Each structure stands twice: as structure tokens, then as C-alpha cells.
Amino acid sequence: MGKDALEPLIFELSSPGRQGVRLPESDVPPYELPAELLRDHLPLPEVSQVDVTRHFTHLSQLNMAVDTTMYPLGSCTMKYNPRVNEDAARLPGFALLHPLIDPDAAQGALCLMYELQNFLAEIAGFAACSLQPAAGAQGEFTGILIMRAYHTDRGEHQRTKMLIPDSAHGTNPASSAMAGLTVVEIPSDKRGNVDLTALKANLDDTVCGLMITNPNTLGMFEEHIEEVCHLVHEAGGLVYGDGANMNALLGIAKPGEIGFDVLHYNLHKTFSTPHGGGGPGSGPVVVSRQLADFLPGPIVRAVEDADGEVRYEWYMPPKSIGRMRAFHGNFGMLVRAYTYIRVHGEEGLRAVSQHAVLNANYIQARLRDTYPFPHGERFCMHETCAQGKIAGAPEIVALDISKRLMDYGFHPPTNYFPLPKIVPEALLIEPTETESKQTLDRFCDAMLKIAEEARHNPKLLKDAPHTAPLKRLDEVRAARELVLCCAIPS
Ligand SMILES: *Cc1c(COP(=O)(O)O)cnc(C)c1O
């Protein structure tokens, strides 16, 4: 930031000698710092504690957040994060553990990880689990390396092709390319399923596997998923499941039983550990029996000693692809997800998915006569894909609608994903199960009102948001050239 730009707020508050904390008298002898570490003048703000608290609280209020409003960002599962998760993660016995502690002194933490491995394997119908990956995308990369290791182990080095439906999340082709594979795109058919003819045409002995999201990012359950898995297996390939949409399936369908070989979870989506703000995520990977030996480690196993007492220990699978991450994954996230699973139990998790699917269908039903839904003739799963096109308002695009929604106090849905070549002007809406009918109705009312405004006063949408501290940004530039320290012009 140049000198002429807006002065940072916290610096404006600065007043010489003002102090936020008073340190106690030193109880150790003073030590002279080496000359090269000394600075004449550190340009730090001198502010009181209340100034700092208000400054950061104010900044936090400029954002839309799950804690302040409905956040229907499709594919991201922005559900409410129950506070009991935070209580558990802050228990000193978990929060203060050193990752290099002797396992004998951390049996509680290892037990939690062991049980979480088992829960995650059970929920999706798989044999084994590794909690290492730090997020969904790293889970994908992990799963693909496992698939490659499996083929290589069988001498099938030529399997270097990954088939990916065109509705896939951008991380899918990116992770495949990172693992050295060639990506082949498979088109979707008119009903939002994988085009079986195109799939068959690409199946041969160079296929490493198929990477598929089910329900897919159109919110559609793949109607031929068993056949799809069967065809890939018949060609000697493996099926990778992008589990980002598991919020639709908990307690209802198990990908491992449908025919998937490997799947990642996003604990920060399905299992309510917070995500956003670049905070830590967690992307555990679950696999079928034949892939278990390739999992990244160390993972936790239980052993019984001579007295019949159970002990938990670290274990490296015999053909492991190695470590994916320092230490043991984002442990705090594991505690939160574990808590969420234990609080809900089997019935509760099933209810989560049932309500998530019901809520999305409710929105689809209420908006279907006003907005186009490319697959609106089908029931959707936990999210629904609309188009930001309004009859009688030809100049309005999805972005205008999203920006106007902010004036009504809602975070926008996901814009322009799925990609325009599949759904032009996509608005992917995922309410999650944690929104009440009243909130869903307020959201739908706002969407209907916006459609009316678009016809009578399109400029209102074009200039939106009107209530946000900053108006329309050049979003690409704003993301690349972050300006985090300047005062908001009033
Ligand atoms: C979120 C998401 C991912 C990537 O997960 P991250 O945890 O953000 O790395 C991959 N695929 C789909 C479908 C997603 O929604």
C-alpha cells in the first residue's frame, strides 16, 4: 500500500504510549539484544485493548458468515458448526497435546482417531481409513496416488488415464494431473447423468479409473451408478468417489457397497468442522479391502496385550504410499468431527441427510416457476442447480442476482459452477439441514422479489450490493491483490 492510500484504521487510533496489556515485572535478568536485531522505530500501532477488540470485531462483522446468516454456497455444505464441537476440541487433554508425545501418554487421542477411522469407514461402507489428508483436494491427490500404486503393484504401469465427468469440481482434474495422469472428460447426458456411451468409448486397459462425484455437482444422484462402477471395473479400472457431497447420503447409501473403491470426505463440509477463512480442513480417505495396504500412514490400530487390555499404536500399512502430511493430520478437526458423529449417532446422521435433501427440494419447488432449473423435473439431492436467468429481464445475469441477495442479508449461492458449458449462469444452491423452514422461506421470498425487481428496475440488481461496505469488486483482482489493512471508505 502506498503512503497516499487510505490510512489503516488501527493506525489512526494509535496514540503514543497507549498500551493494551501490562506485562509483569521481569523475574529473570535482562539481556541485551544483539545490535542487528535492534530497530529504532517499529511502526506498530499503540492502542488499548478495547481499541484492538473493537477493530477486529468490526472487521469480522464486515463478512457474511454461517454464524450471521444462511450461507447456501452450493457444494460447500456451509452448515452450522455446533458449539459442542468447539468445547471438545478445546479440552486441554486434546488441545495441548504435542504431536511427538509418546503414544503411551496419548492413548485417549489415539483411541479417538481409531474410532473415527472406523466410523468413517462404516458410514461410507469401506474397509479402512487414513485421517492424514488436510482437505478434500489433498484427499483426492491421496486417493489417486493409492489407485496408481495399486495398478503399479500389479504390473499395470500403462494405466495412466483418469476419466472425469464434465460436471466435476475443478480440483478433480487438477489432482489427477498432479499425480501424473492424463485427464479425459466424460460428458453429462440430458438428465444430468454420466453419458454411458461416452464412458464406454473411453474404457480400455490404459484407464487408471473414473473419478466421480455422487450426487454430482448438479445435485443429481447418478441413476446408473452401479452400472458405471461395473463398467469401469470390467475394464480393470478403479472408481474414485469425490465425497464432498456425502451430506446427501449419510445413513442412506454407502458408496463402498455401490461399487466405489476409494473416497475422500470433507470433514469441514459433512461433519460440521468449520471451513472458510482459509482455516484448516480435513479430508480423510476411505478405501476397500484391496487398497487398504496402500493407505498413507501412520494410521492407528488397536492391539490387545497379554492381559486382554487394548492399546492403540501407530501403524504404517505395508505398501503405504507414505506420509501425506506432517504429524497426524489436522487433529483439532478430527476431534470436532468425532464429536459431531457421536452427538448425532446413526439415526441423527440419517436425519441430517434427509433434512438436507428435503430443504433443497423445498427451495427447488418454490423457485421452479420463476427460475429455470435445468434438471427441475427430477428431485434433487442436498443441493439444486438453478440458472440466473429471468424471463422479461434479458440483461440480468447470475452475478446480479447473487449480489442483490446480499442486500437481503443472504450469502450468495455458488456462481458459475457447474461450468457455463454445462449450465449457463449457474446458481448452485445448498441450504443444508441446519436452516429452518422460516429461513428457507425468507430466502425464497428474496429470490422471488429479486426476479420482480429484475423486470421492473434491473439497475437495482446491476448496481447491487447496496448495503455492503464495498460495492462490486473486480473479484479476480481482489483475490490476487489482497488489501487487508485499509479502512473501509464510508
Ligand atoms: C469442496 C469440494 C472439493 C475440494 O475440497 P477442499 O476441501 O475444498 O479441498 C472437491 N470436490 C467437490 C465436489 C467439492 O465440493
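Could you tell me whether Lys421 is exposed (fewer than 14 other Cβ atoms within 10 Å of the Cβ), farther than 18 Å from Ile363 by Cα and without any contact (Cβ under 8 Å) to a residue 40 or more places away in the chain? For Lys421, the condition - exposed (fewer than 14 other Cβ atoms within 10 Å of the Cβ), farther than 18 Å from Ile363 by Cα and without any contact (Cβ under 8 Å) to a residue 40 or more places away in the chain - is not met. Those residues that are crowded, with 21+ Cβ neighbours inside 10 Å and either under 16 Å from Glu140 (Cα atoms) or in contact (Cβ under 8 Å) with a residue 40 or more places away in the chain (or both), I need them from segment 222-242; list them, please. Selection gives Val232, Gly237, Leu238, Val239, Tyr240, Gly241, Asp242. For segment 219-245, a tally of residues being touching a Leu at 6+ places or on another chain (Cβ under 8 Å), within 16 Å of the ligand (Cβ to nearest atom) and either outside the structural domain of Lys161 (by TED's automatic domain parsing) or not aromatic (Phe, Trp, Tyr) (or both) returns 5. Residues in segment 197-216 that are away from the ligand (no atom under 16 Å from the Cβ), hydrophobic (A, V, I, L, M, F, W, C) and closer than 29 Å to Arg378 by Cα: Ala198, Leu199, Ala201, Leu203. In the condition set (1) away from the ligand (no atom under 16 Å from the Cβ); (2) crowded, with 24+ Cβ neighbours inside 10 Å, Lys269 is compliant with all but (1).
Filter segment 178-202 down to the residues that are among the hydrophobic types (A, V, I, L, M, F, W, C) and either buried (at least 16 other Cβ atoms within 10 Å of the Cβ) or under 17 Å from Cys229 (Cβ atoms) (or both) and list them by number.
Selection gives Ala179, Leu181, Val183, Val184, Ile186, Val194, Leu196, Ala198, Leu199.
With a requirement of 3 or more residues that are within 16 Å of the ligand (Cβ to nearest atom), the strands (runs of 3 or more DSSP E) lying completely within segment 101-186 that satisfy it span 161-165, 182-186. Do you know which residues across segment 251-261 are away from the ligand (no atom under 14 Å from the Cβ) and crowded, with 24+ Cβ neighbours inside 10 Å? Hits for segment 251-261 are Phe260, Asp261.
When residues in segment 70-82 are screened for being more than 16 Å from Leu440 (Cα to Cα) and within 16 Å of the ligand (Cβ to nearest atom), 3 of them pass.
Of the residues Asn63, Asn85, which is at pLDDT below 95, surrounded by 10 or more Cβ atoms within 10 Å (Cβ to Cβ), of a type in the set (S, T, N, Q) and more than 16 Å from the ligand (Cβ to nearest atom)?
When all the criteria are applied, what remains is Asn63.
In this structure, is Leu97 farther than 21 Å from Glu234 by Cβ, surrounded by fewer than 19 Cβ atoms within 10 Å (Cβ to Cβ) and in contact (Cβ under 8 Å) with a residue 24 or more places away in the chain? Criteria met by Leu97. Against the conditions (1) modelled with pLDDT of 90 or more; (2) within 26 Å of the chain's Cα centre (by Cα), Glu481 satisfies every one except (1). Among the residues of segment 105-160, those that are surrounded by fewer than 20 Cβ atoms within 10 Å (Cβ to Cβ), of a type in the set (D, E, K, R) and in contact (Cβ under 8 Å) with a residue 24 or more places away in the chain comprise Glu115, Asp153, Glu156.
Exactly one residue among Asp40, Asp51, Asp67, Asp27 is among the acidic types (Asp, Glu) and under 30 Å from Asp445 (Cα atoms), and that residue is Asp67. Filtering Leu199, Leu203, Leu181 for residues that are of a type in the set (A, V, I, L, M, F, W, C), touching a Cys at 6+ places or on another chain (Cβ under 9 Å) and closer than 30 Å to Pro420 by Cα leaves a single hit, Leu181.
For residues in segment 280-294 being touching a Pro at 6+ places or on another chain (Cβ under 8 Å) and within 12 Å of Tyr150 (Cβ to Cβ), which is farthest from the ligand (Cβ to nearest atom)?
This residue is Asp293.
The values are calculated or read from the model by the stated rules, or taken from the named source; none is laboratory data. What you are looking at is a predicted structure, and each value in this text was computed from that prediction instead of being measured. For neighbour counting, all protein chains shown are included, and Cβ atoms are generated from backbone atoms with ideal geometry for every residue, glycine included.
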